[in-house]
1. Name, by its number, the condition in (1) buried (at least 24 other Cβ atoms within 10 Å of the Cβ); (2) closer than 28 Å to Leu371 by Cα that does not hold for Val227.
2. Restricting to region 277-297, name every residue that is under 12 Å from Ser194 (Cβ atoms) and in contact with a strand residue (DSSP E or B) (Cβ under 9 Å, 6 or more places away or on another chain).
3. Can you say whether Val227 is in the same structural domain as Ser277 (by TED's automatic domain parsing), touching a Gly at 6+ places or on another chain (Cβ under 8 Å) and assigned to a helix (DSSP H, G or I), as far as the supplied structure shows?
4. Answer yes or no as to whether Gly23 is within 20 Å of Glu181 (Cα to Cα), free of Cβ contacts under 8 Å to residues at least 60 places away in the same chain and small (Gly, Ala, Ser).
5. Among the residues of region 194-212 satisfying the criterion of being part of a helix (DSSP H, G or I) and under 20 Å from Ala312 (Cα atoms), which is nearest to ligand 2 (Cβ to nearest atom)?
6. Residues Leu343, Leu302: which one is over 14 Å from Val265 (Cα atoms), within 16 Å of ligand 2 (Cβ to nearest atom) and among the hydrophobic types (A, V, I, L, M, F, W, C)?
7. Going through region 237-274 one residue at a time, which ones are surrounded by fewer than 18 Cβ atoms within 10 Å (Cβ to Cβ) and either within 27 Å of Thr340 (Cα to Cα) or within 16 Å of ligand 2 (Cβ to nearest atom) (or both)?
Amino acid sequence: MTNEQRVVIARLGEVFLKGRNRGEFVRRLRENMQRALRDISPLRLDRAQGRIYVHVEAEDAERAARAVRDTFGVGTISVARPCERSLEAIYEAAALAVAEATRGRTHATFKVQTKRPDKTFTPDSMEVSRLVGGALLERFDNLRVDVKTPELVVGVEIGTEHALVFCGREQAVGGLPVGCEGDVLLLLSGGIDSPVAGHLMQRRGCRLAAVYFHSPPYVSEHARDKVLQLARRLARAQGPLEVDVVRFTDIQTDIRDNARGDMAVVLYRRAMMRIASRLGISRGAQALATGENLGQVASQTLTNLRCINEAATLPVLRPLLAYDKHETIALARRIETFETSILPHEDCCSLFVPKHPATRLPIELAEKAELGLDPSLLDAAVETVETERVVA
Ligand code: ATP
Ligand code: MG
């Protein structure tokens, strides 16, 4: 065993709580992790007791750690040095790990925590911790033991083939493996919110397809490209993602010509819900998801959300409902959709909309207004949908 390798230890988060489904959950997580690691090609991927161990060359460790940390279902990670199963080798590895972790610091408090998945190894865990702690104190005069609130926890894991030594653990993305919770159809616009909503649904284990409502020539092809780019970003967590592009122009002009202007946005949204429900059901999706948020804009008052909701025949999930805008933006930056989302583009929802849209549209009024619209346009929109398959 050389020190030129590292092992990224992925500790499973909530997956570990999932009782009888655990096997299936871990299988998906492992598959998703392998996809995220495909550019690195790990040397080995082992699985044991609520963990996945990713063996990589040391030079790939940082990139691998990032990919593992971002895999939904992973609770915490550590980057460990593998070494032989001898106390001498463990001291050596611990000294290297501590030197790296304390670089630039004058003092640090620490403790050693040992696990022996291989219980035949002697001495026992307590004794290994004590011996490794002693060896570290001898080598580093800036270290002090603190078993209650140490700044540094030196982890030692002794398995049947090798030992692993690491400093600390980092929080990973958490959630559940994509694919273990069924399919959701995301209403994906080019804005900031809907990609973040998609990310949150994926984080709870849902696999996404998306639908985008496109209104050429009022909305340019750039807007559509932008949506596909955002979909590509979401595909990172799940593999291929299908985007249904719906031609929405005729429905919007029908509403412009035959309904009161102040109702337009809510009527657009109700049409979107009807079409998305039909597309979702034919795809086998269990729910729709949107980036809607309570109170952010006129169309998103509680009354209007109710009116919009009523048009859907699938449940509508709104993971951002209670977020403040700055929280959504922070998350958009973190998942790297923000820069794309803020590129200037036209938005079909602002077409033909007066300055003061209705903030409280009762369902009865919306239904009455819809009597003047052409329902065959919804069928036509569903029938002419174009599906794009994007990959990360
Ligand atoms: P976003 O940033 O996602 O556009 P927003 O805060 O701008 O959200 P709205 O434009 O009012 O809000 O849209 C609310 C939600 O409706 C969006 O989050 C999205 O899920 C859906 N939506 C709006 N326009 C479209 C569209 N052209 N295609 C698909 N979904 C859309
Ligand atoms: Mg928008």
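The values are calculated or read from the model by the stated rules, or taken from the named source; none is laboratory data. These numbers were taken from a predicted model, which means no experiment stands behind them. No Cβ is skipped: glycine too gets one built from the backbone with ideal geometry, and neighbour counts run over all protein chains shown.
1. Here Val227 clears every test but (2).
2. Leu288, Ala289, Thr290, Gly291, Glu292
3. For Val227, the condition - in the same structural domain as Ser277 (by TED's automatic domain parsing), touching a Gly at 6+ places or on another chain (Cβ under 8 Å) and assigned to a helix (DSSP H, G or I) - is met.
4. yes
5. Ser194
6. Leu343
7. Gly239, Pro240, Glu242, Arg247 - these are the residues of region 237-274 that are surrounded by fewer than 18 Cβ atoms within 10 Å (Cβ to Cβ) and either within 27 Å of Thr340 (Cα to Cα) or within 16 Å of ligand 2 (Cβ to nearest atom) (or both).
Listed here are the residues, each with its yes/no results for (1) in contact with a helix residue (DSSP H, G or I) (Cβ under 7 Å, 6 or more places away or on another chain); (2) within 12 Å of ligand 1 (Cβ to nearest atom); (3) farther than 21 Å from Leu288 by Cα.
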residue: Leu321; (1), (2), (3): no, yes, no
residue: Phe338; (1), (2), (3): yes, yes, yes
residue: Ile342; (1), (2), (3): no, yes, yes
residue: Thr359; (1), (2), (3): yes, no, yes
residue: Asp374; (1), (2), (3): yes, no, yes
residue: Val382; (1), (2), (3): yes, no, no
